[in-house]
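Each remark here refers to the structure printed beneath this line.
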Amino acid sequence: MNAQVRKLFFVLAGLFVALVAMTTYWLWKAPDLEARQGNPNLFVRQLTIDRGKIYAADGKTVFARNRQVRRKSVGRTWYLRTYPTGELAARPVGYSTIERSRSGLEESLNDYLTGSNANLDTIVSNTLDKLKGITQRGNDVITTIDARAQRTAQSALAGKCGAAVALDPQTGKVLVWASQPTYDPNLVEGHFRQIQRITAPCTPAAPLLDRVSQGLFIPGSTFKVVTAAAALDSGKVTPTTSFTDRGYCIEYGKKVLNFADQSGPEVFGTVTFSEALQHSINAVFCEVGKELGVRAVLDKAKDFGFYEKPPVELPSDEISASGLYVNGHLYDPKDPNAVDPGRLAFGQERLQATPLQMALVAAGVANGGTIMRPTLVDRIVSPKGKVIQRTQPDTWKEAMKPQTAAELTAMMTAVVEAGTGTAAQIPGVQVAGKTGTAETGRAGENDTWFIAFAPADNPQVAVAVALSNQSGTGGTTAAPIAKQIIEALLR
């Protein structure tokens, strides 16, 4: 009899353990199962969740929050999204709607915002709320965006087609993420045609395009920073290496000219490599590109992150990789003879880059050759105020030798002090930068750029500004905008 009792006890104990294990497993897997698009009740159920807020870095400025709507037909309260700051952070915050689903951080962080993330504290809290019949609440997201500098950037870009992005080069935190033309996310639900009617000095206006991470611009002379890094790292060139500039470079039997003003192509004569960057001399960089070869330049570009999507917390389809493009597709040539090394070296050829990527180039120089993983999220906080996730600085790329970064810093500082970037000068602050004016093949419709970091001796900000459809140069169009952003962040 005792043997039978013991057997029954072990059977019941085994069943109890199995029940606990299965219950724990399904509680833990619930967020993953809910997130499957095949779940037909998921979207409607999430409307009953008090979705978390999205804040600026100050933890006070609210980019996104909820408003309650009582649905008598279903006898429930639905929570619909509203955006108190309107256009200010439409990119990258995005939107969450019934009609047009989600975008931006609203999409990529949906599991946290709805409390569906597989975090033990969240799971336990949600389970207890369900048992008590309390409305499920999502987690709040505190971004890295500086609200004041973001306003400065959006205002400076107003009426133009372009983007500006600023980073902390030491941590990778994104401080500014501005794109114009933009849109009011409050109009996505029910008033989408108003967004479709937005006009701008570019066709199409594409206000829903995130020009920071999706927009592809010809980088022009800003890419000379990458070429210079390849040259200096190789040891074939130093900042004091001497070159003779005749105003052109011969490639495939034809002249590749320097930038031309009303008096014709610029001619500088004998210059050092540092002076070639300072005055953005195409002919010198053309010669350097031919000496290095296509493969060496492209390999260095990859060291900076080209040919990859920067790992920022956005949906993958909202991020473009930078590199050579052919017929709209990324092109990594197996045959180096298929690419013009001279024009590649000064950022033309078929090269295209996002402002985010070029900001990372500037940040890499600023941070001694190390590029930190870019992040838009500072921390995620539970409804009870507990930090459940905090983003830690993480290295993404080792782009160049520290000595090369130091040499480039001095060269880029000369660009702003007495070169093509003087419009970015800030009294009392040493700025290192590089201008870019890229030909698009359409007269008076250049892509213009400025990348920079400051203070040059202790970098706190790295920035990239890109504009399309410009008749001027990067030094006159983009550099003043970068200056405003740097001033707003260092103030």
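Throughout, read-outs are computed from the coordinates displayed, never taken from laboratory work. None of these values were measured; they are calculated from a predicted model. All Cβ positions, glycine included, derive from the backbone under ideal geometry; neighbour counts span all protein chains shown.
Applying 1/(1 + (r/R0)^6) with r as the Cβ-Cβ distance of Thr241 and Arg193 and R0 = 51 angstrom yields a FRET efficiency of 0.30. Per-residue Karplus couplings for the stretch 318-323, computed as 6.51 cos²θ - 1.76 cosθ + 1.60 with θ equal to phi - 60°, are listed in order as 9, 10, 10, 8, 9, x Hz, Gly and Pro entered as x. Working from the Cα coordinates of the stretch 424-491, the gyration tensor eigenvalues give, after taking √(5λ), semi-axes of 25, 10, 9 Å in decreasing order. When all alpha carbon pairs of the stretch 240-376 are counted in 5 Å bins from zero, the resulting P(r) reads 2, 9, 17, 19, 18, 16, 11, 6, 3, 1 %. Please work out whether the stretch 149-490 counts as rounded, prolate or oblate from its C-alpha gyration tensor, where a ≥ b ≥ c are the square roots of the eigenvalues and a/c under 1.5 means rounded, while otherwise a/b larger than b/c means prolate and anything else oblate? Cα axes put the stretch 149-490 in the prolate bin. Under a 5 Å amide H cut-off, with hydrogens placed 1.01 Å from N, Gln352 pairs with Gly323, Leu324, Tyr325 among residues at least 5 apart or on other chains. Spacing of the modelled spin labels on Thr48 and Asp332, each 7 Å from Cα toward Cβ, amounts to 4.8 nm. Extension gain, Glu398 to Tyr248: 0.36 nm times the residue separation minus the Cα-Cα distance gives 50.6 nm. With 30 Å as the limit, write out which pairs from Lys236/Lys334; Lys173/Lys401; Lys334/Lys483; Lys254/Lys401 have Cα-Cα distances beyond it, or answer none. Table pairs above 30 Å Cα-Cα are Lys334/Lys483; Lys254/Lys401. Two numbers describe the Cα atoms of the stretch 318-362: Rg and Dmax, which are 11.2, 32 Å.
What does a probe at Ser101 reach in the stretch 170-195, counting residues whose amide N is under 11 Å from the point 7 Å along Cα→Cβ? Output list for this probe position: empty.
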